[in-house]
Amino acid sequence: MVDELEKDAIVETSKQIDLDEIMRKFDVEARFRTLSGWQALLISIIAVSMSLFHLYTSGMGLLLAIKQGAVHLAFALGLIFLLYPASNKGRKDSIPWYDMALAAVAAFSSLYLVINFNELVGRAGLPTTLDLAMGFVLIAVLLEATRRVSNPILPGIAIFSLLYCFFGRYFPDMFAHRGFDIPRIINHMYLGTEGIFGVPLGVSSTFVFMFILFGTFLEQTGMGKFIIDLSMAIAGWSVGGPAKVAVVSSGLMGTISGSSVANVCTTGMFTIPLMKSVGYKPYFAGAVEAVASTGGQIMPPVMGAAAFIMAEFLGIPYIKVALAAIIPALLYYLAVIVQVHLEASRLGLKGLPREQLPHLWALLRTKGQLLIPLVGIIYFLIAGYTPIKAAFYGILLNMACSYLNRETALTLPKYKSALENGARTALGVAAACATVGMVVGMATLTGLGLRIAGAIVEIAHGSLIITLIMTMITSILLGAGLPTTANFIVTSTMAAPALFALGVPPIAAYMFVLYFGIAADLSPPVALAAYAGAGIAGADAMKTGFTAMKLALAGFLVPYIYIYNPMLVLVNPEPLSLTISVITAIIGVFLLGIGTIGFYKAPVNWVFRILAIAGALGLMIPGLKSDLVGLAVLVGLHLFQAQKAKKTKPAEKMAGSGEQND
């Protein structure tokens, strides 16, 4: 509810943006065919059937794990070959005959396990030639499907894993093993529970799919617009309000959306032009949206798909993972809000007039029922329901609540869209989880995970900080080419054991690799979320990427802090110590914002900026001496800047004259 001039600015900016083109450029999963006629109907029937299958099994009882995964994968592979062309040059308006054939072969090779399940169990360990042939076919089509829906990097890693299983005896001594023949490899990857149909696909076929479906149902009730309006009502009036709206709305959207790029494009179409219209530089606006959208994957209660896999790896209820993520996620978002506030103060940017914003209570009266399913999800998880049951009841609750307002009511077309979009959105995760299952299978078959962990510890000479830095670099590099879920599974299998060996609590180690896998979306040269934000903002991509890195600096530091102070992820928390740790971390985040933005009451010179960052680190690192040093920096900086502000013009005039000089 912005004024007419701002609406015109948003509309004018939107006219210059081809959102579909941005999505296709930075989000591989958006490069699907646009079909019509009977082919579109076929896709719709298969996608809706896939969602209905998961709804039914979630409510009435899951199939055996390998059967559930096989049906899930059959649907996913079939849809991938029908929706995604073999190359960007392939036709986007029709499905060629060979892709229809590949879809049928891929689906059958997966369903073969369901059709012949009893026979396969009866001859476990003694596969027939047909069993092995079906396994070979599934591996081949899975690699191709994953390449189409993501990129060649993950299939390349999987192929290397398969080759390593076969040629292990020829590798250097540290990584060598006796080697396995092809039947043994196929048997392990296809017919076992530690390969394609292992934990990653099991999580994708249950928890992850249902939470994706929950998100698509929320979208059909108008949740996206409601979140933006709610954020405008909460923060739009404050200093730099539009940027804070971007942070709040993207963070909330991120809790129900697993994709950083999709989140940028969803909320960024509104928030980025609005930020620009009140005076933020285009590159800064794009960076704010990218950082806020990316953080959604670590924001409870839903988080991203990797969080569910983390719970399975740890063998703990998902709610414990969500609770452990709360403090780090809030520190991440607090850091972003502090920085956008200081940037707005530096530039003299005001919020929007209250009369031009939605009225909070009126908004809650008319559409507040949309929040009930999110509250319900939290209640179900805390009450001890499994995540899949929580998502199932959350969907039912969302259906019921939608009818409390005619505008949000779910109609038959909306039901169809929710079911179809749920299946489409899950394709990338399903393919990635199945493919990365082969990487995990390789590690269990050859013992490579333990070898790599030993190598990392040996190279680091037992130093925790060096091990952390090496793990961080590995996670970011893998994240440059892998989806977050696949990246987490690979790094948690290969690198996290090195942290375990050095005494790091498992949940802190897994959180560490998760954070830095996500950070790849903001880290040039492959910062897809930042580049998507730059595309909408019309800004320089690299400048936007490096600005996003600066804004997300707390996101790069917080994981180190909870490694050294695991209490922040609720490992053996003591109320008093936890309270002190949270308070000092919050003050540290504030100092960090001053250091990165260079403003507090008045411009901050480089000496004090460096001191502010050092003080922030002192406050974030546990220990009385380091806390006292950080507090001393804060007090000194406050007194100096307050005195400096008295001797200079008000910050608004300074920022205004600076803008004119620019």
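Each reported figure results from applying straightforward, stated rules to the coordinates on display, with no laboratory input. Since the structure is predicted, the reported quantities are computational estimates derived from the model, not experimental observations. Heads up, the Cβs are rebuilt from the backbone with ideal geometry, glycines too, and the neighbour counts pull from every protein chain shown.
Stretching the chain fully between F175 and D540 yields a gain of 127.1 nm (0.36 nm per residue, less the alpha carbon separation).
Look at where the Cα atoms of region 80-99 and of region 536-590 average out, and the two centres are 43 Å apart. Here F180, F209 are placed in order of increasing Cβ neighbour count within 10 Å, fewest first, which gives F180, F209. As a length-normalised measure over Cα pairs under 8 Å and 6 or more apart, the relative contact order of the chain settles at 18 percent.
As an exercise, identify the chymotrypsin sites (Phe, Trp or Tyr not before Pro) in region 487-570 lying in DSSP coil whose Cβ has no more than 11 other Cβ atoms within 10 Å.
Numbers: sites: F488, F500, Y510, F512, Y515, F516, Y531, F546, F556, Y560, Y562, Y564; in loops: none.
Sparse-neighbourhood loop chymotrypsin sites (Phe, Trp or Tyr not before Pro): none present.
Round to a whole angstrom and tell me the spacing of the C-alpha centers of region 201-276 and region 449-489. So the two Cα centres are separated by 31 Å.
Checking the table K350/K550; K550/K647; K244/K543; K225/K416; K281/K601; K244/K367 against a 26 Å threshold on Cα-Cα, which pairs fail? Kindly include the intermediate steps, with their values, before the conclusion.
Values: K350/K550 23 Å; K550/K647 30 Å; K244/K543 21 Å; K225/K416 20 Å; K281/K601 21 Å; K244/K367 21 Å.
Beyond 26 Å between Cα atoms: K550/K647.
With only Lys, Arg, Asp and Glu charged, each at its Cβ (+1 for the first two, -1 for the last two), find how big the charge dipole of region 177-252 is about the Cα centre; round to the nearest 20 debye. Display every interim value, and only then the final one.
Values: 4 positive and 4 negative charges, 26 e Å.
About 120 debye.
Label zone of A455 (point 7 Å out along Cα→Cβ, amide N under 14 Å): in region 163-192 this covers 164-165, 168-177.
Ordering Y415, F599, L79 by Cα displacement along the dipole of the chain toward the positive end leaves F599 in first place; charges were set at the Cβ atoms of Lys, Arg (+1) and Asp, Glu (-1). In the chain, taking the dipole from charged Cβ atoms about the Cα centre, the farthest positive-side position among F488, Y98, L370 is held by L370.
Between the listed residues F32, M60, P282, the Cα displaced farthest toward the positive end of the dipole of the chain, a dipole computed from Cβ unit charges relative to the Cα centre, is found at P282.
Centre-to-centre separation between the Cα atoms of region 364-414 and those of region 490-515: 35 Å. Ellipticity at 222 nm from helices only: DSSP H runs of n ≥ 4 in the chain, each -39500 (n - 2.57), divided by the residue count, give -23500 deg cm²/dmol. In a fully extended conformation the segment linking F500 and A614 would gain 38.2 nm over its present Cα-Cα distance, using 0.36 nm per residue. Can you work out the FRET efficiency for the pair I465 and L41, with r the C-beta to C-beta distance and R0 = 41 Å, to the nearest 0.05? The formula returns an efficiency of 0.10 here. Computed from the Cβ-Cβ distance with R0 of 41 Å, the FRET efficiency linking V607 to I153 stands at 0.40. Modelled this way, with points 7 Å down the Cα-to-C-beta line, the labels at A383 and N88 are 4.9 nm from one another. Highest mean packing comes first when the peptides 236-248, 593-605 are listed by Cβ atoms within 10 Å, giving 236-248, 593-605.
Stretch E119-V571 to full length: gain in nm at 0.36 nm per residue minus the Cα-Cα span?
158.1 nm
Here the chain is treated with +1 on each Lys and Arg Cβ and -1 on each Asp and Glu Cβ, and its dipole about the Cα centre works out to around 700 debye.
If I fit a long axis through the Cα atoms of helix 97-115 and take the longest principal axis of the Cα atoms of the chain, what angle between them do I get, 0 to 90°, rounded to 10? The helix 97-115 is inclined about 70 degrees to the chain.
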